[in-house]
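Beneath this line is the structure, given in structure tokens, with notes to follow.
The values are calculated or read from the model by the stated rules, or taken from the named source; none is laboratory data. Given the structure is predicted, the values throughout are model-derived calculations rather than measurements. Positions of Cβ are generated from backbone atoms using ideal geometry, with glycine treated the same way; all protein chains shown enter the neighbour counts.
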Amino acid sequence: MITGRARAGPVVALALALLASIAAGPACAQAKRLTWAVFDAPPFTIAAGENRGAGIFDRIRSLLSATLADYAVTSVTVPFPRIVASLKTGEEWCFVGGVKTPERALFAAFSRPVAMFYPLRVVVRATDRARFGALGPLFLRDLLTQHRSLRTSMLRDRAIAPAVDALFRQHPPSQTYIRFEDAYRMLLNDRLDYLVDFSSITAYNARQIGAPDAFVGLPLAESPEPVFARVMCAGTPWGREVVARIDAVLATERPSPAYRSIVEAWAADADLPRIRAVYDAFLASD
């Protein structure tokens, strides 16, 4: 004979399990996720080697992650074009280091500036300094039009500065690259004649390929203003929510000496006065 108490056991257990699954369902559905897309671009992002994680964007990403404790945070290291493509499809990704452009604003949400790219140089082999010096003031337009025989390259989907980007769109180089180190090896091995890049990127990659004194950075006559890097997230309600959270953190952190030290990390000593002279404009920029 089966008693009422015995019959109730499985029923109660089933009911409890059902209630637990109902309670857990919304929690699982509402769990917040954030994937940091990482592009190896030393010294801003350093994904390998002895300085791994010590890049400018690495340190900013760590700072922001610590304030987003309610998000399940992961990271993935991919080429930059993959980051752009994923943001266009609305994946729940964010990238520290994006430059805001009208084209990108169509598919991405952008934070306040987190760092700056500055100053911009025409990078050549040190042995070619006199050759390029003989050209007079180095206007990028002239290099791309009147001196087409001089070989250069650019990172796919990169935004450098509005005027520079416009010139590269009008007069695109015959080749592109996906890793900065590859470009500097090509320059070192006489497969390119010059690059247009920021001095800190040049200095770091020259050391990485074992040629710290192989290159010199010559002034670009257009003398572009500092370019501000931002957090770039998918332009969805999710992405805009993450950006709003990040902006609140930046409003507090950016004026601090500790944050300034992050922005100045890896800069050449000769460039520090110029970076510090524009820091107030960096703070005031939206």
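Please work out if residue 158 is within 30 Å of residue 64 (Cβ to Cβ) and either at pLDDT 95 or above or outside the structural domain of residue 111 (by TED's automatic domain parsing) (or both). So residue 158 fits the description; yes. Within region 219-247, the residues that satisfy the criterion of being assigned to a strand (DSSP E or B) and either small (Gly, Ala, Ser) or modelled with pLDDT of 95 or more (or both) are 229, 230, 231, 232, 233, 234.
Starting from residues that are assigned to a loop (DSSP other than H, G, I, E, B) and of a type in the set (Lys, Arg), keep the ones in region 135-178 and report whichever is surrounded by the most Cβ atoms within 10 Å (Cβ to Cβ).
That would be 158.
When region 179-194 is limited to residues that are within 24 Å of the chain's Cα centre (by Cα) and assigned to a helix (DSSP H, G or I), the one that is surrounded by the fewest Cβ atoms within 10 Å (Cβ to Cβ) turns out to be 182.
One line per residue, one yes/no per condition, for (1) at pLDDT below 95; (2) aromatic (Phe, Trp, Tyr):
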position: 75; (1), (2): no, no
position: 93; (1), (2): no, yes
position: 101; (1), (2): yes, no
position: 109; (1), (2): no, no
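So for region 214-233 (the condition being in contact (Cβ under 8 Å) with a residue 12 or more places away in the chain and among the basic types (Lys, Arg)), does at least one residue qualify? Scanning region 214-233, I find at least one residue that is in contact (Cβ under 8 Å) with a residue 12 or more places away in the chain and among the basic types (Lys, Arg), so the answer is yes. Cβ-Cβ below 9 Å, separation at least six or inter-chain, first residue in region 248-262 and outside any helix (DSSP H, G or I), second surrounded by 18 or more Cβ atoms within 10 Å (Cβ to Cβ): which pairs? Pairs found: 254/112; 254/113; 254/114; 254/263; 254/282.
Of all the listed residues (213, 280), the sole one being of a type in the set (Asp, Glu), within 27 Å of residue 138 (Cβ to Cβ), over 20 Å from the mean Cα position of the chain (by Cα) and not in a strand (DSSP E or B) is 213.
Within region 114-134, does at least one residue satisfy the condition of being among the small types (Gly, Ala, Ser), under 15 Å from residue 195 (Cα atoms) and under 15 Å from the mean Cα position of the chain (by Cα)? No: region 114-134 contains no residue that is among the small types (Gly, Ala, Ser), under 15 Å from residue 195 (Cα atoms) and under 15 Å from the mean Cα position of the chain (by Cα).
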